[in-house]
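What follows is a short report on a single structure.
The values are calculated or read from the model by the stated rules, or taken from the named source; none is laboratory data. Keep in mind that this is a model prediction, so the values were computed, not measured. Using ideal geometry, Cβ is built from the backbone for each residue, glycine included, and neighbour counts are taken over all protein chains shown. Just so you know, the surface numbers come from the protein's heavy atoms only, side chains and all, with ligands and any DNA or RNA stripped out. Shrake-Rupley method; radii C 1.70, N 1.55, O 1.52, S 1.80 Å.
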Amino acid sequence: MTAVDGPATLPTDRRADEPLISARGISKSFGGHQVLHDVSLDVRRGEAVCLLGRSGSGKSTFLRCLNLLERAERGIVMLDGDLLGHHVRRGRVHRLPARREAVQRQQLGMVFQQFNLFAHKTVLENVIEAPVKVAGRSRREARADAVGLLERVGLAEKVGAYPGQLSGGQQQRVAIARALAMKPKVLLFDEPTSALDPEMVNEVLQVIRDLVVGGMTTIIVTHEVGFAREVCDRFVFLQDGRIVEEGPASRLNEGAEHAATRDFLSKVL
Amino acid sequence: MADPGRDAATSDTSGPTTSAAPAASGGADAWDRHLAELAAIPHARRLHLLRALLAVVLLAAGTRLVWSVVENPAFEWSTVRSYFFSDPVLTGLENTITLTALSMGLALVVSVLIANMRLSDNPVLRATAGVYVWFFRSVPLLVLLILWFNISLIYPTFSIPLPGGGWSWETKDLMTAYWSAVLAFGLQQAAYTSEIIRASLLAVPSGQREAALALGMPPGQIFRRIVFPQAMKIAVPPVSNDLINLLKATALVAFISVPDLLYSVQQIYNRTFEVVPLLMVATLWYMILVSILSLGQFYLERWLGRSAGARVSLRARAARSTT
């Protein structure tokens, strides 16, 4: 579906290599403090991009602006031809009603630092909740899908467990399965391993690695620079709400150009 | 790591050794043997003598107290027995139960609505709900009850005007004593309960809502399927308190002559002067009702807490580590 009507129509001959997701001029303030200044980013289909930066640099806020968990004051996000959260009418950008926003959000999956599994639902119920209640798939189909996804993240035997009975690493893998169950076009990771005990980081990174290798479009906010360098195609470095450097992830080895990036890397590597 | 205990024991050759420490001449092997022997001694069970004594004393005192009630002729237990299942008492009991159930039902519906309005982004809804809570918490329940009962004096007719007619009723036909009681209790209870519901909704971690949003759930569904069920778990103990309070507060309907449990026994003892036994009849029924409600609360909490596996296992782990 497209959220655009009126004069601002989209060119119909969009090229296949056009970015899947494009953000332009995203600005956001919290109570007078501007955390994002005019941030723009393109991510192509199948690409894995990591957002790096110190805490407070705005990387998580930017990620949350992409799926409308935060409302940017200025700027737009386009996902596969849809203008997210807005429609254009009579020369002005209007906010979409919550219901239509919700429909758009189904196209973006998100994995949180704190997992945020539904505490009152079992693992299986967590995974099939949105496919059944939001996407309207049949329970049987959603269940079969869910079991497949849980097998992929290595948790098929935990279908009946409640989140509180799982380790952090297991919860995060269920959260990834839950996001995948909606068959999103892009998966956003907000520091997926920052709340984990060290011995559980790898099991989660392995699942993310498999997804990236499998061609999933991903945007990953992370402090795991080693992982970012190995798995991601591209890095974006933010400082004080601005992109100060971006480039191929291989450059994270030694070739970072900007002094701020080099300084950051020297501290986390 | 240094082992100060061992150093002390092995170096202290001149002084007298305690009975637990071996002579240092045996060296490391002797020390290890000694530790093994110590480790093999079974742990004594702690005797809780004071606890046992306290239990005995309280049990004795309690028995004496209960016996003083049972054998006391002033309670006239045979009279209690003869009225316990009498028709007026059972009718009163039924009225108390239905009045409580209807009032609480109304209160729950209104309180969820008010709580949501107070948490809304919309300042008009927030203010409206704020005024509601302020008003119904500040007017005394008895005044509210009598006002509702006499509403026909203030507003003699109730009408829904529509273009081309509409409807109109005499207020006194609509507002019987029973229904004015339901309104008074329900609406005031809603003001109190809405604060519990609001606090419970706020206590659900914001990540739950965000996760549901990110999955593309529309707002109504997020409330119904994610936030509200988790808030309920938090709200059950305080709302149960409210319900039990309300059960007994319904006795105020005596002022507008609705024959509830208490008013029914009052009518009997006004005639027969058997005040104490009839108050016992009402009290025993209230105690039975509250016991049933408490039992229901226990099972409801257990059922809602079925997902709290982590907390149980943490507690189990803590218990294991201390033994």
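Numbers for the structure displayed
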{"read-out": "Any chance A:Arg173 is away from every other protein chain (no Cβ under 12 Å) and in a loop (DSSP other than H, G, I, E, B)", "value": "no"}
{"read-out": "Residue in the range A:201-210 that is within 16 Å of A:Leu108 (Cα to Cα) and out of contact with any Gly (no Cβ under 8 Å at 6 or more places or on another chain) present", "value": "yes"}
{"read-out": "Residue within the range B:194-214 that is under 15 Å from B:Gly105 (Cβ atoms), in a helix (DSSP H, G or I), modelled with pLDDT of 95 or more and over 14 Å from the mean Cα position of the chain (by Cα) present", "value": "yes"}
{"read-out": "Pair list, Cβ < 7 Å and 6+ apart or interchain, from the range A:240-268 residues that are within 19 Å of A:Leu41 (Cα to Cα) and of a type in the set (Asp, Glu) to residues that are in a helix (DSSP H, G or I) and modelled with pLDDT of 85 or more", "value": "A:Glu245/A:Thr261"}
{"read-out": "Some residue of the range B:233-252 being part of a helix (DSSP H, G or I), touching a His at 6+ places or on another chain (Cβ under 9 Å) and modelled with pLDDT under 95", "value": "yes"}
{"read-out": "Residue within the range A:176-189 that is in contact with a helix residue (DSSP H, G or I) (Cβ under 7 Å, 6 or more places away or on another chain), without any contact (Cβ under 8 Å) to a residue 12 or more places away in the chain and more than 8 Å from every other protein chain (Cβ to nearest Cβ) present", "value": "no"}
{"read-out": "Scope the range B:231-254; condition surrounded by fewer than 21 Cβ atoms within 10 Å (Cβ to Cβ) and facing chain A (nearest Cβ under 10 Å); matching residues", "value": "B:Met232"}
{"read-out": "Cβ-Cβ under 6 Å pairs, at least 6 apart or on other chains, the range A:90-115 side within 19 Å of A:Val174 (Cα to Cα) and within 10 Å of chain B (Cβ to nearest Cβ), far side open to solvent by 30 Å² or more (accessible area, probe 1.4 Å) and among the hydroxyl-bearing types (Ser, Thr, Tyr)", "value": "A:Gln113/A:Ser194"}
{"read-out": "Options B:Pro22, B:Pro42: the member that is of a type outside the set (Phe, Trp, Tyr), at pLDDT below 95 and touching a His at 6+ places or on another chain (Cβ under 8 Å)", "value": "B:Pro22"}
{"read-out": "Cβ-Cβ under 6 Å pairs, at least 6 apart or on other chains, the range B:176-195 side over 15 Å from B:Ala115 (Cβ atoms), far side polar (S, T, N, Q)", "value": "B:Val182/B:Ser103; B:Phe185/B:Ser103; B:Gly186/B:Ser103"}
{"read-out": "Condition broken by A:Gln165, with the remaining ones in (1) under 28 Å from A:Gly46 (Cβ atoms); (2) surrounded by 18 or more Cβ atoms within 10 Å (Cβ to Cβ) satisfied", "value": "(1)"}
{"read-out": "Residues within the range B:210-229 that are touching a helix residue (DSSP H, G or I) at 6+ places or on another chain (Cβ under 7 Å), buried (at least 23 other Cβ atoms within 10 Å of the Cβ) and at the interface with chain A (Cβ under 7 Å from one of its Cβ atoms), tallied", "value": "4"}
{"read-out": "Filter result for A:Asp80 (within 21 Å of A:Glu18 (Cα to Cα) and open to solvent by 10 Å² or more (accessible area, probe 1.4 Å))", "value": "yes"}
{"read-out": "Sole exception among (1) out of contact with any Lys or Arg (no Cβ under 8 Å at 6 or more places or on another chain); (2) away from chain A (no Cβ under 14 Å) for B:Trp303, by number", "value": "(2)"}
{"read-out": "The one condition in (1) surrounded by fewer than 19 Cβ atoms within 10 Å (Cβ to Cβ); (2) in a helix (DSSP H, G or I); (3) under 15 Å from the mean Cα position of the chain (by Cα); (4) not polar (S, T, N, Q) that A:Arg99 fails to fulfil", "value": "(3)"}
{"read-out": "Any strands (runs of 3 or more DSSP E) falling wholly within the range A:203-269 and containing at least 1 residues that are surrounded by fewer than 22 Cβ atoms within 10 Å (Cβ to Cβ)", "value": "A:234-239, A:242-248"}
{"read-out": "Search result, residues across the range A:83-105 that are under 21 Å from A:Leu187 (Cβ atoms) and not β-branched (Val, Ile, Thr)", "value": "A:Leu83, A:Leu84, A:Gly85, A:Glu101, A:Ala102, A:Gln104, A:Arg105"}
{"read-out": "Selection count where residues are under 15 Å from B:Pro219 (Cβ atoms) and either open to solvent by 30 Å² or more (accessible area, probe 1.4 Å) or touching a strand residue (DSSP E or B) at 6+ places or on another chain (Cβ under 6 Å) (or both), scope the range B:114-134", "value": "6"}
{"read-out": "Criterion violated by B:Ala28 - all others in (1) surrounded by fewer than 10 Cβ atoms within 10 Å (Cβ to Cβ); (2) part of a helix (DSSP H, G or I); (3) at pLDDT 90 or above satisfied", "value": "(3)"}
{"read-out": "Qualifying positions in the range A:127-141 - within 9 Å of another protein chain (Cβ to nearest Cβ) and either closer than 15 Å to A:Lys158 by Cα or aliphatic (A, V, I, L, M) (or both)", "value": "A:Ala130, A:Val134, A:Ala135"}
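For (1) over 25 Å from B:Asn241 (Cα atoms); (2) of a type outside the set (A, V, I, L, M), each residue gets a yes or a no:
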position: B:Val182; (1), (2): no, no
position: B:Ile196; (1), (2): no, no
position: B:Leu201; (1), (2): no, no
position: B:Pro205; (1), (2): no, yes
position: B:Ala212; (1), (2): yes, no
position: B:Gly220; (1), (2): yes, yes
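Here is a yes/no grid of residues against (1) in contact (Cβ under 8 Å) with a residue 60 or more places away in the chain; (2) open to solvent by 100 Å² or more (accessible area, probe 1.4 Å); (3) charged (D, E, K, R):
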site	(1), (2), (3)
B:Leu50	no, yes, no
B:Leu54	no, yes, no
B:Ala60	no, no, no
B:Arg64	no, yes, yes
B:Glu76	yes, no, yes
B:Asp87	no, yes, yes
B:Glu94	no, yes, yes
